[in-house]
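**Q** Below are the structure tokens for one structure; questions will follow.
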Amino acid sequence: MSQIVETLINLGLGKPAELKRATTPFQGTVLLGSGPNPGCMNALSLFCQQHGLAVAAPDNASGEISKTLEAAKIWAHGDDAPGEKLQALVFDGTGISTTAELSLAYEFFQPALKSVARSGRLLIVSRPHRDQSDPERAACQRALEGLARSLAKESGKKGITAQTLCVEDGAEENLTGPLTFLLSHKSAYVNAQVFRVSEATATSAAIDTQPLAGKTALVTGASRGIGAAIASTLARDGAKIIGLDVEPMRADLETLMQKLGGEALVADITADGTPGQLLELAKTKGGFDIVVHNAGITRDKTLANMPKHWWDMTLEINLGAALRINKALLEANAINEGGRIIGVSSMNGIAGQRGQSNYAASKAGVIGYVEQMAPQLKDRGITVNAVAPGFIETAMTAAIPTMTREVGRRLNSLSQGGQPEDVAETIAFFANPASQGITGNVIRVCGQSWLGA
């Protein structure tokens, strides 16, 4: 352990939990609970049954949780106590309509939190508060989001994450995709996020084994780091990868694509002819099913001292090129029905950053594009989403001075940096055919960063 880490521990920040990730099976008991008139309980119970998760649940909304745990032989109340631990607490709050009924959330979580295993999951299911006609009901549904974010901050030291699954009325059949991601270790570094599930044509596609089989995925900036992790994860899930990067990255790109059985494409995404080149390639492949815009750069300097070509270059690579490529592909129907467009934003696009006005503007632009395009593409069965990574351990962050790097790792509720695979797993979730109800979402992969939270 480095001296810097020891110093931070001595200052009371503690040693970060070792996060379980995708290779670790998610097994054990899920405690289910609800408020009155739950709208998603049947879907939640069915999911657990189909995925081999044991379920413990009180007889009714006001059932005593301690008795439910005892009946399930879960007596552990602390890391050192004997007995089985819970893998997840899932609360269906979709029927809560009064402030008094919010106490049911307290009565569900409070007795059970100390029985959750390390790297466990907390999940609250709600309705979109803006869709509610009654103001008290709207306030209660939004209150559940605040509860989830606070639980995430209280539980992060054990590697436990908490999320809100905000489900439109009528979208219950589209829960399988997000539940498969959230009730797994693939979501290890995603924390305190709101996943918004809308109505969409349901799919019966298998989601556990090779869900992307038969799909063609274009990944820009694919040669190294996060881009390489994205390409590798989509290939693991069965997609045929077209990896794109610039000439200086040719060797790394070709080596990776050979390993993945993919196709290397050396091109500059900002070149005038690149959208047309990609359109012709899409035609030969029968269209693209997944387009991931990962290519990006930083050119950091305060705006007062920034040369204009740094501003132009960053906006062009990180935003403008992706918009032109999407426009060309969409106008020619070269993204297939059921397709996925996925952008890579950044926490700095949400919170801003000193010395990164160009980068923050470009990454905020990705968010604006996703939110504006989602309803436009819905009728075509195409979803558009984005990830917003926080501190991810890459070659770029490895070059940061040691103390600055360690502090950066600690500025989130999990007290550590993420891995490229954490970003890649979230993108694979967006790409999954079972995520048809997920569109217009910007999911932070940041461990619940304290900046922009």
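The values are calculated or read from the model by the stated rules, or taken from the named source; none is laboratory data. All values derive from a computational prediction rather than experimental measurement. Note that each Cβ is placed from the backbone with ideal geometry, even for glycine, and that neighbours are counted across all protein chains shown.
**Q** Could you tell me which of the residues Thr255, Thr233 is under 26 Å from the mean Cα position of the chain (by Cα) and in a helix (DSSP H, G or I)?
**A** Exactly one residue qualifies, and that residue is Thr233.
**Q** Ile226: of a type in the set (Val, Ile, Thr), on the phi < 0 side of the Ramachandran plot, touching a Leu at 6+ places or on another chain (Cβ under 8 Å) and not in a loop (DSSP other than H, G, I, E, B), yes or no?
**A** Here the answer is no, as Ile226 does not meet what is asked.
**Q** Could you list, in sequence order, all residues of the stretch 280-303 that are charged (D, E, K, R) and assigned to a loop (DSSP other than H, G, I, E, B)?
**A** Within the stretch 280-303, Lys285, Arg299, Asp300, Lys301 qualify.
**Q** Scanning for something modelled with pLDDT of 95 or more, in a helix (DSSP H, G or I) and buried (at least 22 other Cβ atoms within 10 Å of the Cβ), does the stretch 268-279 turn up at least one residue?
**A** Within the stretch 268-279, one or more residues are modelled with pLDDT of 95 or more, in a helix (DSSP H, G or I) and buried (at least 22 other Cβ atoms within 10 Å of the Cβ).
**Q** So which residues in the stretch 306-348 are more than 29 Å from Gly287 (Cβ to Cβ) and in a helix (DSSP H, G or I)?
**A** Lys308, His309, Trp310, Trp311, Asp312, Met313, Thr314, Met347, Asn348
**Q** Can you spot a residue in the stretch 369-390 that is touching a Pro at 6+ places or on another chain (Cβ under 6 Å) and in a loop (DSSP other than H, G, I, E, B)?
**A** Looking through the stretch 369-390, none of the residues is touching a Pro at 6+ places or on another chain (Cβ under 6 Å) and in a loop (DSSP other than H, G, I, E, B).
**Q** Where in the stretch 57-171 are there helices (runs of 4 or more DSSP H), lying wholly inside it, with at least 1 residues that are of a type outside the set (Phe, Trp, Tyr) and within 25 Å of the chain's Cα centre (by Cα)?
**A** Of the helices (runs of 4 or more DSSP H) lying wholly inside the stretch 57-171, those with at least 1 residues that are of a type outside the set (Phe, Trp, Tyr) and within 25 Å of the chain's Cα centre (by Cα) span 103-112, 135-155.
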